[in-house]
Amino acid sequence: MPGLFVTFEGGEGSGKSTQVARLAARLRALGIDPLITREPGGTPVAEGVRALLLDPERRPVPLAEALLMEASRAQLVATVLKPALDAGRVCLCDRYADSTLAYQGAGRGIDAALLEQWNTAATQGLRPDVTLLFDVDPSLGLRRRQEAPGATNRLDREPTDFHERVRARYLELARSEPARWVVLDASLHPDELEAQVWEAVIARLPAEARPSARRA
Ligand code: TYD
């Protein structure tokens with residue numbers, strides 16, 4: 001069975017991590033064991049980079065921040081994602097290359113063409129089959145994040161206009177490649193979002209893995 005690469009994108013407090021877990025549970029119920037990972041992070045090297053990146057005490061300059069994101073990505077793609085997809089697994093990744101275009105591109109103001117080149121190098125050209133965008137007004141997302149247990153990270157603490165630029169860039173990216181992106185309204189109830197995520201993913205699963213095929 002060919003693998004399927006699904007990425008989850010969105011602003012702070014968009015609820016995407018909850019949806020990663022819910023989608024994984026639905027896949028398992030079909031007998032599919034998905035690989036679940038995240039960015040930055042997902043390997044011992046990349047988790048070390050993640051700790052550095054999200055530490056509120058650190059102040060990497062924008063280019064250093066972007067290159068650390070790419071370092072984490074290069075390690076994850078080479079050692080986790082490519083082997084899993086080559087083995088035919090369904091891979092769910094909480095954030096991927098589009099996060100860099102939105103956060104370091106629109107948020108920090110780094111040139112988009114430069115980031116595209118870095119993304120291509122770090123990913124070896126590996127692109128998602130489907131990208132789910134959990135679109136939410138930053139004021140709602142940040143409020144949710146502040147109410148959630150656990151400390152906010154360094155990027156959560158950026159001002160609202162930073163998060164508004166991130167959101168706008170995500171929506172532009174989605175418009176420019178509609179076959180890959182699915183835009184979801186992340187202010188909806190988690191159960192409704194779960195159903196919409198399922199609909200988007202099931203349509204892209206290889207035919208033999210879909211529930212109707214299994215019943216036949
Ligand atoms: P995390 O706590 O995982 O946040 P979230 O639940 O919102 O995904 O922290 C990841 C942070 O890193 C998040 O603020 C977005 C940021 N980020 C970038 O700025 N660029 C990137 O390329 C990636 C992958 C993440």
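What follows is calculated from the coordinates using simple rules that are stated; it is not laboratory data. This is a predicted model, so every value here is computed, not measured. Ideal geometry is used to build each Cβ from the backbone, glycine not excepted, and the neighbour counts take in all protein chains shown.
Data overview
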| read-out | value |
| --- | --- |
| In Hz, Karplus ³J(HN,Hα) per residue of the range 115-128 (6.51, -1.76, 1.60; θ = phi - 60°; x = Gly, Pro) | 5, 4, 5, 5, 4, 4, 5, 5, 8, 6, x, 6, 10, x |
| Candidates 35, 114, 67: whichever shows maximal mean-square fluctuation once the chain is modelled as a Gaussian network with Cα springs under 10 Å | 114 |
| Förster radius 25 Å - calculated FRET efficiency between residue 111 and residue 59 (Cβ-Cβ, nearest 0.05) | 0.70 |
| Cα gyration tensor of the range 1-65 - equivalent ellipsoid semi-axes, whole Å, descending | 29, 14, 10 |
| Karplus-derived 3J(HN,Hα), 6.51/-1.76/1.60, for each residue of the range 17-27, Hz, glycine and proline x | 5, 4, 6, 4, 5, 5, 5, 4, 5, 5, 5 |
| Mean shadow area of the range 62-140, taken as a quarter of the surface of its Cα convex hull (nm²) | 5.7 |
| Distance cut-off 25 Å, percentage of C-alpha pairs in the range 86-187 lying past it | 23 |
| Length added when fully stretched, residue 140-residue 192, from 0.36 nm per residue minus Cα-Cα | 16.9 nm |
| Charge dipole (debye, nearest 20) of the chain; +1 at Cβ of Lys and Arg, -1 at Cβ of Asp and Glu | 460 |
| Fully extended contour minus Cα-Cα distance, from residue 152 to residue 45, at 0.36 nm per residue | 36.3 nm |
| Å³ per residue enclosed by the Cα convex hull of the range 4-215 | 118 |
